[in-house]
Amino acid sequence: MRIAILGAGYAGVTLARRLESTLPDDVEVVVVDESETHLVKHEVHRVIRRPAVADAIRVPLPELFDRATVRTERVAGLGRDARTVHLADGSELSYDYAAVCLGSVTAEYGIPGVAEFGLPLASVDDALAIRAAFLSAAGVDADGVESVADASAGSVDVVVGGAGLSGVQTAGELAALAREEGVDADVTLLEQLPHVAPNFPEHFRRAVREELESRDVTVSTDTTVERATADAVETDQGTIAADVFVWTGGITGTEAMGGDRPLVRDDLRLDDRTFVVGDAARAVDADGEPVPASASAAIREARTVASNLSRLVEHDLEEARGFRPRLDPYRFDVPGWIVTVGDGTVAQLGPEVVTGKAARAMKAAVGAGHLSSVGAVRNAVDLVESELAT
Ligand SMILES: Cc1cc2nc3c(=O)[nH]c(=O)nc-3n(C[C@H](O)[C@H](O)[C@H](O)COP(=O)(O)OP(=O)(O)OC[C@H]3O[C@@H](n4cnc5c(N)ncnc54)[C@H](O)[C@@H]3O)c2cc1C
């Protein structure tokens, strides 16, 4: 029997590691990812200001597993009827159960100019490209450790479109980078809804906005991006000059999923043999709550799927007759949320909002906790050191 886990982000790695310890040894677990490393994506914005953080947040995949087989290959699609994964090299991988954990890609929603001029942020390379674009616009030598801003370059206009978790943190990093490099910059964060971090609780949203504004980010809510050009972002509220335009306005499904994030049942199944976990799905939990695309949810969903899959496999191996086992519904329940805004941090724990050093220590603990939980202890230590050093 073979379980195919497609994608080795938060969802895929958490799921594969759990299955390694719960499934019998003769059940094959195959993990397919186009990348050779697991990326702690919720820290990737840090790389814009601290390129060295990239080493702490990437872990070679074979180091994470005891017995799962890792295949480095791009998934091209899924033939669910034939229970086959189509790989980009033309080969196929058959499976008994599959878990699609392929994450998401940036959505441009067909807004003119966004695909061409908007820089996405989903990988280390994206973060380095944003850094390079900012330093180049500022006339700063990107290679020079002691680089000095070229005063003749004038003020740098930076626009970040979309104020979800990634947009908030990206705007914060760019404002902090400008300060550190002595660059005169205007960083504007745009959001079409009335609030920053719109999918999160009200008191958290308010604290995040205050932190952004206290750290030199201009926040413009109720503002819809209508077009991007080489040097400006046009909105329904007017045109904003943009030497650097970062687009974090939304996500959609990967090409392998036909660009779709399918709606899954509350047990996170798409059909009897296919689970979709993390950003790859639109999930509504057991209480009817839409689950926000987040690392926290991806990890917790994977735990539910691990226990459901183990039950199904056990049932199949026993060739049990009668009803298939009941599966647990996923209940969205996270202890809170934490975002960084440059060197500031806002944490919401239950009803409490915490900022400052305590929140910063919690943020370091979250990333490090994930890395430790997947066995990457050295990376965890490096991440804490870099988080607390700034
Ligand atoms: C800048 C930024 C900041 C964020 N901050 C936070 C935060 O503070 N808190 C929080 O909870 N969330 C945060 N998020 C969101 C969080 O990172 C995502 O929700 C999370 O990564 C989803 O996990 P996942 O396992 O579903 O997908 P991912 O972590 O994206 O993993 C998907 C995996 O699939 C692989 N893959 C994709 N397509 C293919 C293919 N065709 N073939 C083979 N492999 C493929 C990828 O290489 C990757 O390893 C942030 C995101 C960003 C970009």
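A few comments on the model shown:
- Of the solvent-accessible surface of the chain, computed with a 1.4 Å probe and all protein chains present, 47% belongs to carbon and sulfur.
- If the Kirkwood radius is taken over C-alpha pairs of region 154-292, then at 20 °C and 1.002 mPa s the Stokes-Einstein diffusion coefficient equals 128 µm²/s.
- Degrees, to the nearest 10: 357-373 long Cα axis against longest axis of the chain: 30 degrees
- Debye intensity ratio in log₁₀ form over the Cα atoms of region 1-75, taken at each q of 0.18, 0.28 Å⁻¹: -0.69, -1.27
- Residues whose placed amide H lies under 5 Å from that of Val70, excluding near-sequence neighbours: Val31
- Under the convention that each Lys and Arg Cβ holds +1 and each Asp and Glu Cβ holds -1, the size of the dipole of region 114-247 around its Cα centre is about 420 debye.
- C-alpha long axis of helix 124-138 to longest principal axis of the chain, angle in °: 10 degrees
- Here the Karplus relation 6.51 cos²θ - 1.76 cosθ + 1.60, evaluated at θ = phi - 60°, turns the backbone of region 277-282 into coupling constants of 10, x, 4, 5, 10, 9 Hz, with x for every Gly and Pro.
- Isotropic mean projected area of the C-alpha convex hull, the chain (nm²): 19.5 nm²
- Mean Cβ count within 10 Å, highest first, over the residues of peptides 183-190, 288-295: 183-190, 288-295
- Of Asp328, Asp279, the order by accessible heavy-atom surface (1.4 Å probe, DNA, RNA and ligands excluded), from most exposed downward, is Asp328, Asp279.
- Between amide H atoms placed 1.01 Å from N, distances below 5 Å from Ile251 occur with Ala107, all of them 5 or more places distant or on a separate chain.
- Region 179-222-region 318-390 distance, computed between alpha-carbon centres (Å): 23 Å
- Asp125-Val284 FRET efficiency (beta carbon distance; Förster radius 45 Å; 0.05 resolution): 0.85
- Here's how it looks for Arg50: its modeled amide H is under 5 Å from none belonging to a residue 5 or more places away or on a different chain.
- Take every DSSP beta bridge whose two residues both sit in region 114-247; close to 30 percent of them are antiparallel.
The values are calculated or read from the model by the stated rules, or taken from the named source; none is laboratory data. Nothing here was measured: the structure is a model prediction, and the numbers come from that model. Positions of Cβ are backbone-derived with ideal geometry, glycine not excepted, and every protein chain shown enters the neighbour counts. The accessibility values were calculated without ligands, DNA or RNA, using every heavy atom of the protein model including side chains. Shrake-Rupley method; radii C 1.70, N 1.55, O 1.52, S 1.80 Å.
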